[in-house]
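One structure is given below, encoded as structure tokens.
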Amino acid sequence: DVKVTQSSRYLVKRTGEKVFLECVQDMDHENMFWYRQDPGLGLRLIYFSYDVKMKEKGDIPEGYSVSREKKERFSLILESASTNQTSMYLCASRRDSTYQPQHFGDGTRLSIL
Amino acid sequence: DQQVKQNSPSLSVQEGRISILNCDYTNSMFDYFLWYKKYPAEGPTFLISISSIKDKNEDGRFTVFLNKSAKHLSLHIVPSQPGDSAVYFCAASEDTDKLIFGTGTRLQVFP
């Protein structure tokens with residue numbers, strides 16, 4: 001089974017702090033993704049990465065950046081946290097192959113005070 | 001503009017009956033469709049998928065139907081079980097790139 005592990009289940013930070021969310025997958029997947037989930041809005045893509053050192057903007061990249069130095073690890077960075085970034089953050093990975101599903105971690109619920 | 005829509009926020013079904021969850025999309029270029037199930041405090045779990053060259057895919061109690069002309073996707077669960085109670089998301093992609101998710105339907109299966 002695919003295992004996608006997010007380092008924190010719950011996180012509380014203050015406005016203006018730099019926040020790091022970490023995600024690790026153990027299936028040697030090429031592609032990794034970061035989403036946020038908000039009530040009534042479903043899952044929205046923030047950033048994704050096709051491979052190491054590669055990154056692509058998703059639908060809502062503003063206020064975020066990412067880092068992929070190793071294949072198994074994909075980090076989401078909130079450069080200067082704001083209250084509107086309070087959300088559930090979900091990481092996913094996928095084999096780089098046609099018509100493959102994404103597999104998700106359990107999420108990090110982030111609160112910005 | 002939402003490209004993938006789940007118009008029913010909730011659905012309640014008796015145990016043993018069929019659950020039918022619906023999804024509509026607007027982008028005719030979508031070629032891969034998926035259903036995910038999500039329990040509270042857990043990430044979405046992949047259930048079943050279908051490519052645009054098919055109109056039906058079955059996996060145990062779960063069947064996904066695709067009607068390309070109507071741009072409509074549905075998930076049938078037969079028979080429904082209490083453990084199926086969760087939020088179900090449909091998702092679609094174009095050229096197997098990023099997924100676009102619907103807003104979810106909460107299914108409750110009661111005894």
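Identification of strands (runs of 3 or more DSSP E) wholly contained in the range A:1-82 with 1 or more residues that are open to solvent by 60 Å² or more (accessible area, probe 1.4 Å) and in contact with an Asp or Glu (Cβ under 6 Å, 6 or more places away or on another chain) yields A:42-49.
Taking every residue in the range B:1-17 that is without any contact (Cβ under 8 Å) to a residue 60 or more places away in the chain and pairing it with any residue that is of a type in the set (A, V, I, L, M, F, W, C) and open to solvent by less than 70 Å² (accessible area, probe 1.4 Å), at least 6 positions away or on another chain, the pairs with Cβ-Cβ distances below 9 Å are B:N7/B:C23.
For A:M88, the conditions (1) under 20 Å from B:T45 (Cα atoms); (2) surrounded by fewer than 13 Cβ atoms within 10 Å (Cβ to Cβ) are fulfilled apart from (2). The condition of being touching a strand residue (DSSP E or B) at 6+ places or on another chain (Cβ under 6 Å), at the interface with chain B (Cβ under 10 Å from one of its Cβ atoms) and within 19 Å of A:L11 (Cα to Cα) holds for only one of A:Q37, A:Q85, that being A:Q37.
So, in the range A:88-113, exactly how many residues are away from chain B (no Cβ under 14 Å) and of a type in the set (D, E, K, R)? So the answer is 0.
Within the range B:41-111, considering only strands (runs of 3 or more DSSP E) that don't extend past its boundaries, which have at least 3 residues that are charged (D, E, K, R)? Step through it out loud before you land on a result.
On the way: elements: B:45-51, B:56-59, B:62-67, B:72-77, B:86-93, B:99-101, B:105-110.
Hits in the range B:41-111: B:56-59.
The values are calculated or read from the model by the stated rules, or taken from the named source; none is laboratory data. Note that the coordinates shown come from a computational prediction; the quantities given were computed from them, not determined experimentally. As a convention, Cβ positions derive from the backbone with ideal geometry for all residues, glycine included, and neighbour counts pool all protein chains shown. Protein only, heavy atoms only, side chains kept; ligands, DNA and RNA dropped before computing areas. Shrake-Rupley method; radii C 1.70, N 1.55, O 1.52, S 1.80 Å.
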